[in-house]
Amino acid sequence: MTRKHDPYRFDVVVVGAGHAGLEAALAASRMGLGTALLTLNCDTVGQMSCNPAIGGVAKGQIVREIDALGGAMGILTDATAIQFRLLNRGKGPAMHSPRAQCDKKAYQFLAKLTVERQQNLTLRQEMVESIEVESGRVAGVRCRGGIQYRARAVVLTTGTFLQALMHTGEVKTPGGRGGDVAATGLSRSLFELGFELRRFKTGTPPRLNGRTIDFERLEPQPGDSDPVPFSFLTDRITQNQVDCHITYTNPAVHDIIRDNLHRAPMYSGQIQSTGPRYCPSIEDKIVRFADRQAHQIFLEPEGRNTLEYYCNGISTSLPRDVQEAIIPLIPGLEHAEIMRYGYAVEYDYAPPEQLRATLETKALPGLYFAGQINGTTGYEEAASQGLIAGINAALAVQDQAPLLVDRSQAYLGVLIDDLVTRGVDEPYRMFTSRAEYRLLLRHDNADLRLTELGRQVGLVDDQRWARFETRRDAIARLRETLKTTRVRGNSLFQWLRRPESTWEDLLRLEHAFDREGFSRDVITQVIIEAKYNGYIGRQVEQIERFRRLEDKPIPADLDYRAIPQLRAEAREKFERIRPRSLGQAGRISGISPADMATLLIQLKRGGSPASTVNPLDPDVTTPILGKLERQSGESACST
Amino acid sequence: MLADLDPEDTIAAVASPPGPGVRGLVRISGRNAWRIALDGFRSERDSSPPRRPEVRRGALAVEGLRPLLPAIVALWPGPRTYTGQDVAEIHTVGALPLLTQVLAGCLNRGARHARSGEFTLRAFLSGRIDLTRAEAVLGVIDARNSTQLDAALRQLAGGLSRPIHDLRDRLLDLVAHLEANLDFADESDVDPLGRAALADELQSSAETLSALTDRLTRRDRPAGNPRVVVSGPPNAGKSRLFNALLGHDRAIVSPRAGTTRDYLTAACDVGGMIVELIDTAGLDLPRDPIETQAQTHRADQAGQADLLLVCTSPDTLTARGELPHLDTPALSVWTKCDLGRPDPSRAAAAILTSAATGEGLVELRAGIARLVRDSNAEADLPASTGARCRDSLVGAKVALGSASQTLRDGGGEELVALDLRLALDELGKVVGAVVTDDILDRIFQRFCIGK
């Protein structure tokens, strides 16, 4: 498909090489398409701009899903992490969430190497300034200096770089990340194409030199002794792990912050845009939870070959002198040196209702958005969108049907559906509570949910597929064995379902059953299925109901203005979102059952004409009922 | 919310007209219509599914009722039915409490309570009726949609709205706390919710729900008669009119303003239809505790009215008549017309009456009958509205029971949360749906989240 000799002609161009761009470019090129990955700086491919951690509750599940589909994030994390923890171990298996501290530089270098090694993929340093359009379709991009790239699909993953402005106190610096520049031209191009842009804000904490931290005084937080890997390709984690440390703020710190609130850009009015509530700055925490005497700070190492520490918990945009005043008041940080000051960054995003569930823009065929440009936060959220956008861009170029992952299949399905259906009013992060079917969307079964889809689109290679088949078949075999082996009237599976019974009890119960060849993860999988059995059954029923409406399509060209009975609000929302199914239409906020009934009727009207046969019409049934009454006589009135 | 309109569900509703009648019926449509109708139905015929429209006579077991209820079940195989689906009707005695029980049985066996207009919607979707008729029904759904909840609670559960809201609030807090512990395990100072505390809270919420369900049942009008409330300023002759409409002296009357302190109710025949006529204290500013109570009764009754008779008399002209409660139909009635007649320009649409001479009473009865019939035709059946509220409360209670059981069995918080959200969904049908954003809002309000 690609003319190799032309260095500016590709099937797919991906703009931005962060976590979203990386996955998009790797997916498209692995699916066989000539792909260019354009970045402001080749040295920052896959850079972790904020904290040095991957995963966490709900986010860890997303990384496992990315991996199950054939994405890169899980493999990169397993190879470069310096601490692994499975969060929520004390809770049910659906809540177990892998999290890792990564060596930032190692992660980034491996990401770059992975890109460099990838066939069909060209990494190039460019500043993209506009989107090129021909006959209503995307045709490529134009870069600084007038260079033009031609492509049939373009994926924009601009992160926080669009018209980015960093704030530290009163000081404002253009740039999307400390030490980097901002992308200035692209916003104008998007605006001229008719895209709506709005602004969000996010923040980072100061980073400290570990030589100047008194770790003796701090509480260490070690990794797990049995680390759980992110990738289904990783057998076990063998590297040594490093500790994080925990310390706390105190009333003296809070007093200084309170006295200087007027100098914080969020409070002085210098920043107007919305920041995330779940990732508040320390000044926010102190204002909103005034009665708290202390806030936790996690000191997270940025890597093995650096002493830099990330102060998770005190993200701030207060001026330098205030940051310098509060750090020494924190236990263990009395002599700590700040290496990089905290800052807030404001950036443009494009409200994601402008997208289809493929992440293609509705307005401009061939143009895809992924990551923070869609109003999300988080490496994992970005990467999963990049993967889906990259896959769909590639499928579209190949004239294949798109890959749509729904809410019942994956967190990344929940993520994309929430974005395109409900939009965002603060930077969007995934939580397990956003998923209706979270008992099924577990980290342990991500491969069972998604690897076949990854294989269908051509992203799962033979090695991954072979491993998957082995595991899937072993699980099925063990499940079957347990269900067919009966002891005292009950199957072993039924025994296992009892809240109090364990796998070891089962082994004692029935020595005869063949447990050869079942690995620990296979056994775990079947135990979870048994323990959650009744609840999983309920969720499966809910999913069947959900699917019935999800499978009822709404024509893409339905003219909502021609439905006079729709309320103005409903019409406006349907017009904007253009839901692809009845299910999606019902999830739009503010849509009532009456709106849905109107829509149902309209869809029917568009279909077959109403028949006139009407056996149960009141006019017809009344005689039948009259007859009934005569038949029943007085018998029905004798109570 | 949307799932409530799924055309594949089996739906059921009381389908006979309101008010006492000789025969009443419950209509069921959907895949399981026959099974739901025939479960608990004893007849000489076996309960095999019919191949053509068929009528079976027999008796019906109804929960809470010892003798079997004589009943007829009519079965129609789809698609040649009104809704295009399998349809069943249970015809039995027309008493509303019985029909409500029959319906409850159907819901227990897996039917969902039909939304208003839903049978018609299905009829359209299956091509059985044309667009014009479907739209007429849609208009009804639409008009009712915004006010349905308020109306339902006002009609049947006056005073219940607040406690249901409060309960929902408590459950929402509970879910937010559970979810905060699940989603922010490592990045907040959320105090863990002890299992004992959780069990207590579930138990007390379930008790509140039981109490609410009982109150709702008591509030439910036994005969389901429409409520017609006589209202107006003190001394407007309300009680005299009340007696005149009844045809006998039930209320104490006197020329003194403020004679009626309590409210009185009586069944009244208005041209072949029985309504519940309610006499209330005059609308006035209370001067003492008894009057305060009288005013509270008055407001309660007016709030639950299906129809208000707003009375004005020549000698109370200066007093302001009560503004009809939002959405409640009202009739303007001039009383004591033997003492003087209003200026025709002020009373063009009013009915002029005199309890002393009997003038206008025939017209008034006819007017009441007409308006009550109209409002019932438009509105949901009062019975089914009440039943729907009750279904939701019962559904919420079942979910809470299941949450408690999960907790006792040692199940995790994520499983308890599943049931709690189900309970919230049920309450949401009565007092507004809860979406994930509501839960997140609470989490971020209450807990300091974020590293």
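The values are calculated or read from the model by the stated rules, or taken from the named source; none is laboratory data. Just so we're clear, the structure is a prediction, and the values are computed from it rather than from any experiment. Glycine gets a Cβ as well: all are built from the backbone with ideal geometry, and neighbour counts include every protein chain shown.
Does A:GLN409 qualify as being within 20 Å of the chain's Cα centre (by Cα) and under 20 Å from A:LEU26 (Cβ atoms)? Judged against the criteria, A:GLN409 is not a match. A search for C-beta distances below 7 Å between a residue of region A:532-556 that is assigned to a helix (DSSP H, G or I) and any residue that is at pLDDT below 85, counting only pairs 6+ apart in sequence or on different chains, returns A:ARG545/B:ALA3; A:ARG545/B:ASP6; A:ARG548/B:ASP6; A:ARG548/B:GLU8; A:LEU549/B:LEU2; A:LEU549/B:ASP6.
Scanning region B:344-370 for residues that are in contact (Cβ under 8 Å) with a residue 12 or more places away in the chain, of a type in the set (A, V, I, L, M, F, W, C), over 17 Å from B:ALA236 (Cβ atoms) and outside any helix (DSSP H, G or I) turns up just one, B:ALA349.
The single condition among (1) buried (at least 23 other Cβ atoms within 10 Å of the Cβ); (2) closer than 23 Å to A:PHE546 by Cα; (3) among the polar types (S, T, N, Q) that A:ASN445 does not satisfy is (1).
Condition first: assigned to a strand (DSSP E or B), more than 17 Å from A:GLY71 (Cβ to Cβ) and of a type in the set (A, V, I, L, M). Now tell me which residues in region A:114-129 satisfy that. Once the filter is applied, which keeps residues that are assigned to a strand (DSSP E or B), more than 17 Å from A:GLY71 (Cβ to Cβ) and of a type in the set (A, V, I, L, M), region A:114-129 yields A:LEU123, A:VAL128. Residues of region A:419-436 that are surrounded by 21 or more Cβ atoms within 10 Å (Cβ to Cβ) and not in a loop (DSSP other than H, G, I, E, B): A:LEU419, A:VAL420, A:THR421, A:TYR428, A:THR432, A:SER433, A:ARG434.
Which one of B:ALA330, B:ALA348 is at pLDDT below 75 and surrounded by fewer than 21 Cβ atoms within 10 Å (Cβ to Cβ)? After ruling out the rest, the residue left standing is B:ALA348.
When the criteria are applied in full, A:PRO229 fails the requirement of being within 14 Å of chain B (Cβ to nearest Cβ) and either in contact with a His (Cβ under 6 Å, 6 or more places away or on another chain) or within 29 Å of A:ALA100 (Cβ to Cβ) (or both). Taking A:ILE528 and the conditions (1) modelled with pLDDT under 90; (2) closer than 25 Å to B:LEU415 by Cα, which numbered condition does it fall short on, given that it satisfies the others? Result: A:ILE528 fails condition (1) only. List every residue pair whose Cβ atoms sit under 6 Å apart, with the two residues 6 or more apart in sequence or on different chains, where the first one lies in region A:386-397 and is in contact (Cβ under 8 Å) with a residue 60 or more places away in the chain and the second, anywhere, is in a helix (DSSP H, G or I) and surrounded by fewer than 24 Cβ atoms within 10 Å (Cβ to Cβ). That search, which allows pairs on different chains as well, returns A:ILE391/A:VAL457.
Of all residues in region B:91-136, count the ones that are outside any helix (DSSP H, G or I), modelled with pLDDT of 85 or more and surrounded by 23 or more Cβ atoms within 10 Å (Cβ to Cβ). Selection size over region B:91-136: 3. Does A:PRO564 meet the test of being within 26 Å of the chain's Cα centre (by Cα) and not in a helix (DSSP H, G or I)? Considered against the rule, which asks whether it is within 26 Å of the chain's Cα centre (by Cα) and not in a helix (DSSP H, G or I), A:PRO564 comes out as no. Of all positions in region A:278-291, none carries a residue that is among the hydroxyl-bearing types (Ser, Thr, Tyr) and surrounded by fewer than 18 Cβ atoms within 10 Å (Cβ to Cβ).
Are there any pairs, at least 6 apart or on different chains, whose C-beta atoms fall under 6 Å, with the first in region B:412-430 and more than 11 Å from every other protein chain (Cβ to nearest Cβ) and the second assigned to a helix (DSSP H, G or I) and of a type in the set (Lys, Arg), and if so, which? Filtered contacts from region B:412-430: B:LEU427/B:ARG168. Of the residues A:ALA474, A:ALA570, which single one is in contact (Cβ under 8 Å) with a residue 12 or more places away in the chain, among the small types (Gly, Ala, Ser), surrounded by 12 or more Cβ atoms within 10 Å (Cβ to Cβ) and more than 14 Å from chain B (Cβ to nearest Cβ)? Within the list A:ALA474, A:ALA570, the selection yields A:ALA474. Check region A:83-98 and report whether any residue there is of a type in the set (Lys, Arg), in a loop (DSSP other than H, G, I, E, B), within 14 Å of chain B (Cβ to nearest Cβ) and without any contact (Cβ under 8 Å) to a residue 60 or more places away in the chain. Looking for residues that are of a type in the set (Lys, Arg), in a loop (DSSP other than H, G, I, E, B), within 14 Å of chain B (Cβ to nearest Cβ) and without any contact (Cβ under 8 Å) to a residue 60 or more places away in the chain, one finds at least one in region A:83-98, hence yes.
Just to be sure, is A:ASP418 within 14 Å of chain B (Cβ to nearest Cβ) and of a type outside the set (Phe, Trp, Tyr)? Criteria met by A:ASP418. Looking only at region A:258-300, residues that are away from every other protein chain (no Cβ under 14 Å) and out of contact with any Pro (no Cβ under 7 Å at 6 or more places or on another chain) come to 14 in all.
Each row is one residue, and each column tells you yes or no for (1) closer than 13 Å to B:ILE443 by Cβ; (2) modelled with pLDDT of 80 or more; (3) within 14 Å of another protein chain (Cβ to nearest Cβ).
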position	(1), (2), (3)
B:THR147	no, no, yes
B:ALA151	no, no, no
B:ARG154	no, no, no
B:ILE164	no, yes, no
B:GLU179	yes, yes, yes
B:SER188	yes, no, yes
B:ALA199	no, yes, no
B:LEU202	no, yes, no
B:THR208	no, yes, no
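Against the condition surrounded by 24 or more Cβ atoms within 10 Å (Cβ to Cβ), within 24 Å of A:LEU599 (Cβ to Cβ) and not hydroxyl-bearing (Ser, Thr, Tyr), how does B:ALA88 come out, does it pass? So B:ALA88 does not fit the description; no. Across region A:166-190, the number of residues qualifying as under 17 Å from A:ILE271 (Cβ atoms), of a type in the set (A, V, I, L, M, F, W, C) and buried (at least 21 other Cβ atoms within 10 Å of the Cβ) comes to 2.
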